[in-house]
1. Using the charge dipole of the chain (Lys, Arg: +1 at Cβ; Asp, Glu: -1 at Cβ; taken about the Cα centre), state which of 17, 41, 124 has its Cα farthest towards the positive end.
2. (i) 17.7; (ii) 16.5; (iii) 17.1: which one is Kirkwood radius over Cα pairs in Å as calculated from this entry?
3. Mind checking the dipole of the chain: about its Cα centre, +1 per Lys or Arg Cβ, -1 per Asp or Glu Cβ, Debye to the nearest 20?
4. Mind checking which of 27, 162, 74 is farthest towards the positive end of the chain's charge dipole, using Cβ charges of +1 (Lys, Arg) and -1 (Asp, Glu) about the Cα centre?
5. If one takes the longest principal axis of the Cα atoms in the chain, at what angle in degrees, from 0 to 90 and to the nearest 10, does the Cα axis of helix 9-28 lie?
6. Mind pulling the angle between the C-alpha long axis of helix 102-122 and the longest principal axis of the chain? Nearest 10 degrees, somewhere in 0 to 90.
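None of the figures in this text is laboratory data; all of them are computed from the coordinates on show. Keep in mind the model is a prediction, meaning the values are calculated, not measured. Glycine also receives a Cβ, built like all others from the backbone with ideal geometry; neighbour counts cover every protein chain displayed.
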Amino acid sequence: MRQPIKYSTRYITFIAVVTAICVIGRYLFQFLPNVQPVTDIIIFITIYFGFTTGFYVATLSILISNLLLGFGIWTLPQILAYSAVVCLSYGLAHYAWFQQHLLGQAAFSLFAGYFYGFVVSAGQIPFIGGPRAFIPYYLAGLYFDSLHAIGNFVIYLALIPALHRIIKQFNLDFS
């Protein structure tokens, strides 16, 4: 069982830096619709640092990046969707096989792209004409969910090994 988090200056700085990387990644990748490193970083952080850390990074990343990109009726569903991704990541992190296999994590990040899109779309039901309009609404956005999912898979394989080495190099452990 993980020890409770010590809210040290080092831990808070870590949260701030990882959140900043997510916000910058979301902002820099905005020219590619739905392709961004945020989901991958949130999954990785949750796997290796736990639910609370993943939740902090996910929530702060959405709130801060939406200051730059715009708040709207999508903001709360985005937070809920990333919270659900954090929950799933945390559940899978309890399996040693999942923690040790990059390809399994990348496959989960692909799934997370579709799952995130589904949850955000479901959050729009009150604004799109009710539950009957959900299926056409969701199908219309499936192309963008596919971009998110495929982007997640590729970025996870490219980015996470380097991020993992950095975490090991700085011996970051907050328990």
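1. Looking along the dipole axis, the top candidate is 17.
2. (ii)
3. Details: 7 positive and 3 negative charges, 57 e Å.
Computed about the Cα centre, the dipole is about 280 debye.
4. 162
5. For 9-28 against the chain, the angle is about 40 degrees.
6. 40 degrees
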